[in-house]
Amino acid sequence: MKVESCRVCKKLFKILEGEHVKIICPACLENPEAIARVLNQYMKKSPKATLNMIYKNTGIPIIEIQSLAREGKISLTLEEINAQIANNQYTANALSGMKGPETQKTNLVRMHVRHK
């Protein structure tokens, strides 16, 4: 288990082993204005970041990023976000913000088995 300092409130919070990087504590993740500030700072620092990179480096779920874009609170547009989602495969965790160990891309593999 690691301990990080929240970039919004500066309080320490725990990150469980196997979780992606988080820069915002769970309490601040409930505040849309704080999330928008962090996202805009991140986008200034990394203007070519993909949604997956943003999620992995901030811990902010893609659905929350979409919501803030819809409201015009961040520099990404909803069209840019939807285009990236259409072209990539994301885990349910990244899209919905569910917490869990499945933070990597999942691939669907189909196998055909012949029975004799």
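Rundown of residues vs (1) in contact (Cβ under 8 Å) with a residue 60 or more places away in the chain; (2) among the basic types (Lys, Arg); (3) assigned to a helix (DSSP H, G or I); (4) within 26 Å of Lys14 (Cα to Cα), yes/no style:
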| position | (1), (2), (3), (4) |
| --- | --- |
| Glu33 | no, no, yes, yes |
| Gln41 | no, no, yes, yes |
| Lys44 | no, yes, yes, no |
| Lys48 | no, yes, no, no |
| Asn52 | no, no, yes, yes |
| Asn57 | no, no, yes, yes |
| Ile63 | no, no, yes, yes |
| Ile74 | no, no, no, no |
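Just one of (1) buried (at least 17 other Cβ atoms within 10 Å of the Cβ); (2) assigned to a helix (DSSP H, G or I) fails for Lys22. It is (2). Scanning region 15-36 for any residue that is in contact with a Phe, Trp or Tyr (Cβ under 6 Å, 6 or more places away or on another chain) and over 23 Å from Ala86 (Cβ atoms) turns up at least one such residue.
Do the conditions hold for Gly97, that is, is it crowded, with 18+ Cβ neighbours inside 10 Å, at pLDDT below 85 and touching an Asp or Glu at 6+ places or on another chain (Cβ under 9 Å)? So Gly97 fails the test.
Would you mind stating whether Leu68 is in contact with a Ser or Thr (Cβ under 8 Å, 6 or more places away or on another chain), surrounded by 13 or more Cβ atoms within 10 Å (Cβ to Cβ) and in a helix (DSSP H, G or I)? I'd like the intermediate steps shown before the answer.
Details: in contact with a Ser or Thr (Cβ under 8 Å, 6 or more places away or on another chain): no; surrounded by 13 or more Cβ atoms within 10 Å (Cβ to Cβ): yes; in a helix (DSSP H, G or I): yes.
In short, no.
The values are calculated or read from the model by the stated rules, or taken from the named source; none is laboratory data. These figures come from a predicted structure and were not determined experimentally. Because the Cβ atoms are built from the backbone with ideal geometry, glycine has one as well, and the counts that use them run over all protein chains shown.
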